[in-house]
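Worksheet for the structure shown next.
Each reported figure results from applying straightforward, stated rules to the coordinates on display, with no laboratory input. Everything numeric in this text was worked out from a predicted model, so none of it was measured. Because the Cβ atoms are built from the backbone with ideal geometry, glycine has one as well, and the counts that use them run over all protein chains shown.
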């Protein structure tokens with residue numbers, strides 16, 4: 001359903017830059033100042049695998065120039081909630097700012113792609129960082145050049161990531177998608193990790209948690225999570241999400257949420273719109289992964305930016321109206 005760009009990958013690891021010689025992936029995206037601003041996850045070599053966020057820009061959405069490979073725009077602050085890594089940025093425009101949500105850990109995760117390779121916290125870690133679980137945090141910028149870290153949003157006690165803000169308030173409250181991995185099983189409405197919604201008055205203190213969606217189809221058997229920020233349409237909030245099947249293959253799908261009540265799904269497509277096919281999507285740090293984290297509208301097309309096999313950045317496109325019409329064939 002999405003047409004992959006023939007020139008993929010649009011960004012690959014670059015040995016000239018220490019911070020991104022191992023992998024560049026999972027880019028957040030926004031159109032500003034006539035250019036696509038791509039905030040991509042960049043990683044240096046193992047064993048530390050220090051992870052940060054760098055910026056690349058493009059006038060056409062396909063050909064990107066690195067702007068901050070030497071000095072990343074968001075880098076871990078040692079001794080804090082994001083001291084080990086900053087990754088998987090999503091960008092949402094709200095009230096004059098570009099808000100960047102990102103996943104982080106207090107200590108470097110190590111070789112997470114190897115069984116048993118994910119690092120824990122050191123023995124002398126403060127109690128609040130002892131599990132070295134994912135924290136989701138918030139930063140903001142007005143120009144994609146200077147950034148202000150606002151603090152942790154959620155996580156640390158549970159592994160909570162895939163945090164995505166809506167660009168509008170609902171009943172005077174901000175809303176976000178999230179994927180708390182431990183919120184499933186007995187006592188929960190979902191058997192496996194799924195997408196939840198939470199609300200806030202100030203973007204940092206979140207609550208009133210509501211379950212939104214869980215696994216339905218074979219291609220999302222293990223878990224699902226939000227992918228790219230929702231796009232407002234006349235029919236609802238168009239939202240791309242990801243699913244993981246029994247063989248741990250990552251694909252992407254789409255759903256439509258009610259304009260006034262995002263807790264209500266009004267359409268959900270049974271088939272994936274993106275799946276790993278090319279060698280750089282099937283072979284890499286983490287094989288068989290396509291992981292969208294950004295989408296923008298340019299003219300009548302949607303550009304979906306995604307990571308391939310946790311190694312490279314890619315893009316796929318479609319005429320947005322056609323994609324929405326296809327989704328609305330599956331109203332609930």
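Using a Gaussian network for the chain with springs between C-alpha atoms less than 10 Å apart, which of these wobbles most: 137, 121, 42?
Looking only at 137, 121, 42, the biggest GNM fluctuation is shown by 121.
For the chain, take the convex hull of the Cα atoms, compute a quarter of its surface area, and give me that in nm², please.
15.8
Roughly speaking, what is the centre-to-centre gap between the range 212-279 and the range 44-86 when only Cα atoms are used, to the nearest Å?
Each part's Cα centre sits 27 Å from the other's.
In whole percent, what relative contact order does the range 103-201 give with Cα contacts below 8 Å and a gap of six or more residues?
18
Can you report the principal axis dimensions of the range 1-109 using only the alpha carbons, biggest first, rounded to whole angstrom?
Projected onto its principal axes, the Cα set of the range 1-109 covers 38, 36, 29 Å.
Using Cα-Cα distances under 8 Å and only pairs 6 or more residues apart, what relative contact order does the range 3-330 have, in percent?
Relative contact order comes out at 15 percent.
Given points 7 Å out from each Cα along the Cα-Cβ axis, report the residue 330 to residue 124 separation in nanometres with one decimal.
Output for this residue pair reads 5.3 nm.
Where a ≥ b ≥ c are the square roots of the eigenvalues of the C-alpha gyration tensor, would you call the range 29-185 rounded, which needs a/c under 1.5, or, failing that, prolate if a/b is larger than b/c, or oblate?
oblate
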